[in-house]
């Protein structure tokens, strides 16, 4: 029997349910990836993420080739065309079954429903799996049989129903029957033009690299994760989010390896390990939010009242924020890190998002899109969830009157100003006593901009705007 595995954001061999199923039931297996610049643009995917995606497709092709599974790259356009492309390949190659791993989002869901229909009409079986979450989306419910909208009770239910069999992910692949099809990846025109400035040596492609990062983190850093995770100059986080976003490593693999080092305990043992597992569960929580409340995937706030907020729009402020020239060093350092690394420390994502939506009072959707346009680890559900949390428009969100003071955040989490100095060379010689909010004369001497706004006035303005919308 012939099967076709449709790869999407699951660019790995290990713990890949769709590939495992195809390998189990079929003697001959083919693989396909639909590459579409139009789809990438529609979802604001970053140029650096597209670069990382292409590199990982080459890595995946090599692994599949070892198993005699040819990877065919097909040029696509909009999501609505994908079903026809898959049907065409299936018919040309006399495929009997098509397997894939599900993705989250309205476009992706509609695409898969259409694919199921056209394949069924041609008597070709289509089966999908949930590889990005432990539980079937929407299956964890409250006592009132409603989807969870607060993380803590969601996590409690998540742990309560957890079974270690969920992490039975080992599978030994054997080479399949050779086909007369060869991979076309070396001749495929990705039509990719690099516009990003990220040093990609920070983000090496492949499953081996993802596993190496995970091992280094769990062996050397995770026990101090709870203590170090908020300090941006300390390399205390795993930095595997880009690999999770493209499915180069699976959440189950991450959880399993972490639990091995904590006597398989979720709530006791090393607080660093349990706190890091929390971050993996947060990703699942936000995917469930997108599944259960589709409006958040349509550019709508979770909190309906916040539709009435009168957002400001100031082009000069927006450009200052985007380029890291707001005059608030920790905000500017974070935004410059985003442009230089394609990644931003999680604590700083909250700081700059709250500054953008509260102090600047700019629409969270503008900031959300800019992050997606620049993040190598852009994950729509997590990015959306984070921005809506920071802007107090989302589920489990910060109260609207909770507004981070960027200077306080800076003195608390970058005490020596080392992170600021790393990304703002103008301030590299400034003493730590003044670097978090340099005096005017020092700014002029260093050619560093004055603040674009007054923190106290902008805070009161935000509170009033939210209060007005709420009433």
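So the values come out like this:
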item	result
Filter result for the condition that a residue is in contact (Cβ under 8 Å) with a residue 40 or more places away in the chain, within 29 Å of residue 371 (Cβ to Cβ) and in contact with a strand residue (DSSP E or B) (Cβ under 8 Å, 6 or more places away or on another chain), over 51, 15, 10	10
Yes/no for residue 124 being over 22 Å from the mean Cα position of the chain (by Cα) and either over 22 Å from residue 75 (Cβ atoms) or without any contact (Cβ under 8 Å) to a residue 60 or more places away in the chain (or both)	yes
Out of 267, 306, 316, sole residue that is outside any loop (DSSP other than H, G, I, E, B), in contact with a helix residue (DSSP H, G or I) (Cβ under 9 Å, 6 or more places away or on another chain) and touching a residue at least 60 places away in the same chain (Cβ under 8 Å)	306
Any chance residue 357 is surrounded by 24 or more Cβ atoms within 10 Å (Cβ to Cβ), outside any helix (DSSP H, G or I) and at pLDDT 95 or above	no
In the range 189-216, the residues that are part of a helix (DSSP H, G or I) and touching a residue at least 24 places away in the same chain (Cβ under 8 Å)	200, 202, 207, 209, 210, 211, 213, 214, 215
All positions within the range 339-355 that are closer than 25 Å to residue 434 by Cβ and free of Cβ contacts under 8 Å to residues at least 60 places away in the same chain	344, 350, 351, 352, 354, 355
Test: residue in the range 27-36 that is in contact with a helix residue (DSSP H, G or I) (Cβ under 9 Å, 6 or more places away or on another chain) and surrounded by fewer than 20 Cβ atoms within 10 Å (Cβ to Cβ)	yes
Evaluation of residue 436 against (1) surrounded by 12 or more Cβ atoms within 10 Å (Cβ to Cβ); (2) part of a helix (DSSP H, G or I); (3) over 27 Å from the mean Cα position of the chain (by Cα) (one fails), failing number	(2)
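Conditions tested, residue by residue: (1) out of contact with any strand residue (DSSP E or B) (no Cβ under 7 Å at 6 or more places or on another chain); (2) surrounded by fewer than 17 Cβ atoms within 10 Å (Cβ to Cβ).
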{"position": "252", "(1), (2)": "yes, no"}
{"position": "270", "(1), (2)": "yes, no"}
{"position": "275", "(1), (2)": "yes, yes"}
{"position": "289", "(1), (2)": "yes, no"}
{"position": "318", "(1), (2)": "no, no"}
{"position": "322", "(1), (2)": "yes, no"}
{"position": "330", "(1), (2)": "yes, no"}
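Yes/no per residue for (1) in contact with a strand residue (DSSP E or B) (Cβ under 6 Å, 6 or more places away or on another chain); (2) more than 22 Å from residue 43 (Cβ to Cβ):
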residue	(1), (2)
64	yes, yes
77	no, no
84	no, no
91	no, yes
103	no, no
108	no, no
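The values are calculated or read from the model by the stated rules, or taken from the named source; none is laboratory data. All values reported here derive from a predicted model rather than from experimental measurement. Cβ atoms come from the backbone with ideal geometry, glycine included; neighbour counts cover every protein chain shown.
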